[in-house]
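Each reported figure results from applying straightforward, stated rules to the coordinates on display, with no laboratory input. The model shown is predicted, which means the values in this text are computed figures rather than measured ones. Neighbour counts run over all protein chains shown; Cβ positions are idealised from the backbone, glycine included.
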Amino acid sequence: MKKLRDFFKVDSNIRLLIVFIVFSVAGSLSLVVADNIFSYLLEFEDHDSLYWFFRIIILFPIYQVLLIVTGTIFGEFRYFWEIEKRILKRLGFRLK
């Protein structure tokens, strides 16, 4: 467990459990939200290559937003905001 805590940079097993729950809830919710967007707004077949392209393009920002929202609900806003800042820096955004 210490290796996992060190990897995720948390100080207790409870906080590690919360981080795992937030990641899983945000991931599941992002799939549901993206599926609803596609079923109501866009008309694609599941096997269409454009379907997968647009789904991935839409899924990524939805996941990022839901990760912050879910992290905030579980009281870990700072932790997940630091993760978001690292992701945005890797994508080329400059944050203060």
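Computed from the C-beta positions of Val32 and Arg90 and an R0 of 30 Å, the FRET efficiency is 0.70 to the nearest 0.05.
Each peptide in 19-30, 75-86 gets a packing score, the mean of other Cβ atoms within 10 Å over its residues, and the list from highest to lowest is 19-30, 75-86. Our helix-only sum for the chain, with -39,500 (n - 2.57) per DSSP H run of n ≥ 4 divided by its residues, gives a mean residue ellipticity at 222 nm of -26500 deg cm²/dmol.
Note on Leu50 and Phe77: the extension gain reaches 6.3 nm, defined as 0.36 nm multiplied by sequence separation minus the Cα-Cα distance. With the convex hull of the Cα atoms taken as the outline of the chain, the averaged projected area works out to 7.9 nm².
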